[in-house]
Amino acid sequence: MKQSKVVKIQMYCPKESADKVRLAIGKAGGGVIGNYTYCAFLSEGHGYFLPMEGSNPTIGKQREIEKVAEVKIEFLCERDQIKNVIAAIKKAHPYEEVPIDIFQLLDYE
């Protein structure tokens with residue numbers, strides 16, 4: 001098998017920001033599957049974090065563990081669109097540090 005022309009990206013954001021971030025991803029070229037655009041899968045959960053000294057948290061306070069209702073947004077992205085999509089996520093996302101994972105995929109055809 002060879003490396004796919006697309007990657008899978010997943011990222012997390014506060015529930016109230018999910019639509020803004022999801023739409024920014026689609027506008028930047030993420031979430032394309034064949035003749036469909038703005039394709040994504042969202043799942044809800046809770047994120048936990050402890051803002052350390054030097055942080056500027058959007059939610060919570062330094063040195064206090066915070067629990068936030070978050071949404072994981074998963075989507076496919078063509079390799080040549082990764083930089084544009086990540087820039088769009090960071091612009092739309094409210095957090096100081098944006099949690100983003102990028103997974104290489106294999107071409108199974």
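The values are calculated or read from the model by the stated rules, or taken from the named source; none is laboratory data. Please read all numbers here as calculations on a predicted model, not as lab measurements. Reconstructed Cβ throughout: ideal geometry from the backbone, glycine too, with neighbour counts over all protein chains shown.
One table, with the values for the structure above:
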{"read-out": "Pairs with Cβ under 8 Å, 6+ apart, first in region 9-23 and farther than 13 Å from Phe41 by Cα, second among the small types (Gly, Ala, Ser)", "value": "Pro14/Ala69; Lys15/Ala69; Ser17/Ala92; Lys20/Ala92"}
{"read-out": "Wholly within region 7-109, strands (runs of 3 or more DSSP E) carrying at least 3 residues that are among the hydrophobic types (A, V, I, L, M, F, W, C) and crowded, with 17+ Cβ neighbours inside 10 Å", "value": "66-78"}
{"read-out": "So Gly29, is it among the small types (Gly, Ala, Ser), within 20 Å of Val7 (Cβ to Cβ) and in contact (Cβ under 8 Å) with a residue 40 or more places away in the chain", "value": "yes"}
{"read-out": "Unique match (being over 16 Å from Ile102 (Cα atoms) and modelled with pLDDT of 95 or more) among Lys15, Lys61, Lys8, Lys2", "value": "Lys15"}
